[in-house]
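Read the figures in this text as sums done on the coordinates, not as results from a lab. None of these values were measured; they are calculated from a predicted model. Reconstructed Cβ throughout: ideal geometry from the backbone, glycine too, with neighbour counts over all protein chains shown.
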Amino acid sequence: ELMRRVRRALIARRRVQVFKSHLDARYAGIYAVASHDQRTVAAIPVDSAAQLAQRVDPTAQVIAVDEAQFLDEGIVRVATDLAERG
């Protein structure tokens, strides 16, 4: 579902950033997110929610986080802050 949404955003010419935990090297390595049908999209590996927040491009319109459970509980605050940013 994440890949579908990211692809739709890219087709709509939205500025998209995809993040994932550096601990998740399954399927496509740490620099990409892969779907079960082997489609991939580039991703930025991060160590923590705080690092993710620091690396968010202020011009990004869509922020996607793959397997957020691999990140610390601070991801909830980061998501809330980003949603409020609009």
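For a quick check of your reading of the filter: which trypsin sites (Lys or Arg not before Pro) in the stretch 24-86 sit in a DSSP loop and have no more than 11 other Cβ atoms within 10 Å?
Arg26
If I stretch the segment between Arg39 and Glu1 completely, what's the gain in nm (0.36 nm per residue apart, minus their alpha carbon distance), one decimal?
Working: separation 38, 0.36 × 38 = 13.68 nm, distance 1.23 nm.
Value of the extension gain: 12.4 nm.
Would you mind calculating the gained length between Arg85 and Arg14 on full extension (0.36 nm times residue separation, minus the Cα-Cα distance), in nm to one decimal? Show your work: numbers first, answer last.
Values: separation 71, 0.36 × 71 = 25.56 nm, distance 1.62 nm.
Result for the pair: 23.9 nm of gain on full extension.
How large is the Rg to Rh ratio of the chain when both quantities use alpha carbon positions and Rh follows Kirkwood? Spell out each step's value before the answer.
Details: Rg = 12.3 Å, Rh = 13.1 Å.
Taking Rh as the inverse mean 1/r over Cα pairs, Rg/Rh reads 0.94.
Residues of the stretch 2-26 with amide nitrogen under 12 Å from the 7 Å Cα-to-Cβ point of Glu73?
Under cut-off, by backbone N: nothing.
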